[in-house]
1. Restricting to the stretch 185-228, name every residue that is among the charged types (D, E, K, R) and not in a loop (DSSP other than H, G, I, E, B).
2. Out of ALA265, ALA236, ALA269, ALA276, report the one residue that is more than 23 Å from GLU217 (Cα to Cα), surrounded by 14 or more Cβ atoms within 10 Å (Cβ to Cβ) and either free of Cβ contacts under 8 Å to residues at least 60 places away in the same chain or in contact with an Asp or Glu (Cβ under 9 Å, 6 or more places away or on another chain) (or both).
3. Report, by residue number, each residue of the stretch 69-94 that is small (Gly, Ala, Ser) and in contact with a Ser or Thr (Cβ under 9 Å, 6 or more places away or on another chain).
4. Which of the residues that make up the stretch 229-252 are assigned to a loop (DSSP other than H, G, I, E, B) and either within 23 Å of the chain's Cα centre (by Cα) or among the aromatic types (Phe, Trp, Tyr) (or both)?
5. Mind listing whichever residues of the stretch 203-216 are surrounded by 12 or more Cβ atoms within 10 Å (Cβ to Cβ) and not small (Gly, Ala, Ser)?
6. VAL255 is checked against (1) touching a residue at least 60 places away in the same chain (Cβ under 8 Å); (2) in a helix (DSSP H, G or I) and fails just one. What number does that condition carry?
7. Out of THR68, THR86, THR134, report the one residue that is surrounded by fewer than 18 Cβ atoms within 10 Å (Cβ to Cβ) and modelled with pLDDT of 90 or more.
Amino acid sequence: MVLKAEDIAVHPATLRSVQEQSRALIHIYETSPRLAAVFATQQRWLLGHVGLAIHFRRDPNDRRTELTTARFIEVVRRNSVASRNTAEAFLKEMLHYNIAEYLSTSGDARAHPLRPTATTIETFTGWIHAHLRTLDNIDGGNRLATFLARPGMLSILQPLIADGLLASDPVREPQQTFSLFIWLNNGGIVMDWLMSGIDPEDAGLERIPTSVISISEFANWLKLSRTHLARKLHDAEALGSIGWVGQRGHSVMWVSRQFYQEYMAVQAAKLAVVDAAFNACFSMPGES
């Protein structure tokens, strides 16, 4: 049975499972910060999924279906993910940092076929593992074992996840505090770090303590400008979404119950998309 977002959000195992997922994603960031940065803002996260989906859906016998700059821009604009310039700049950055690579370099640059590198696919597979493990932890399923037993399943699963994310209003249009951070570089990791340090026993409090004390140490770990991070935190504080138990910089930061609920609502919506995509794989030709 496919888990619905509303069921995931209220399940007693969800918080601990999502925290484990957050720690797995933080580990990916620590291991491959440049590559993890592809998924570090909402827009880049969706751009990355679009590129992977085009790659996995290609027909090896039809070069017209390959991932190219022109095709990428067309899909990005059709789904209102980003402007033409932003989409093109994103691909150039992916090529510069060897996150993607050209298959050939002849003819029109916009028609050069690209593909994600093997390292990129390996790292993204870790993202899939983390989310399937979370779903299994919630309902005792065996999605991850099933995925691991089917080496070709990634190419079917990822495009379905991308479709679901692009169609999900809760994922694409989150509430106010969450939306502050999704446009911050590594904003997703900022929220994962904050929420992963919550004691589940405190989740019902109006002000929920985290494990964060120093903004400077937090910014250094994230390789962010302290000023930029502090500005976002100040905006969140003005909304009443974060604060400090005592003196700023010398006491634990707290997150509001509303901010916590916003974060969990987005996680639940995302997990529901992954679960629906996982189940849809078995109705695809060649799967059973």
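1. Result: ASP192, GLU201, ASP202, ARG207, GLU217, ARG226.
2. That would be ALA269, the only listed residue that is more than 23 Å from GLU217 (Cα to Cα), surrounded by 14 or more Cβ atoms within 10 Å (Cβ to Cβ) and either free of Cβ contacts under 8 Å to residues at least 60 places away in the same chain or in contact with an Asp or Glu (Cβ under 9 Å, 6 or more places away or on another chain) (or both).
3. Residue satisfying the conditions is ALA87 alone.
4. Initial filter on the stretch 229-252 (assigned to a loop (DSSP other than H, G, I, E, B)): 239-241, 245-252.
Correct list: SER241 only.
5. LEU205, ARG207, ILE208, PRO209, THR210, VAL212, ILE213, ILE215
6. Here VAL255 clears every test but (2).
7. Working: THR68 fails: surrounded by fewer than 18 Cβ atoms within 10 Å (Cβ to Cβ); THR134 fails: surrounded by fewer than 18 Cβ atoms within 10 Å (Cβ to Cβ).
Exactly one of THR68, THR86, THR134 is surrounded by fewer than 18 Cβ atoms within 10 Å (Cβ to Cβ) and modelled with pLDDT of 90 or more, namely THR86.
The values are calculated or read from the model by the stated rules, or taken from the named source; none is laboratory data. Since the model is a prediction, treat every value here as computed from it, not as a measurement. Neighbour counts run over all protein chains shown; Cβ positions are idealised from the backbone, glycine included.
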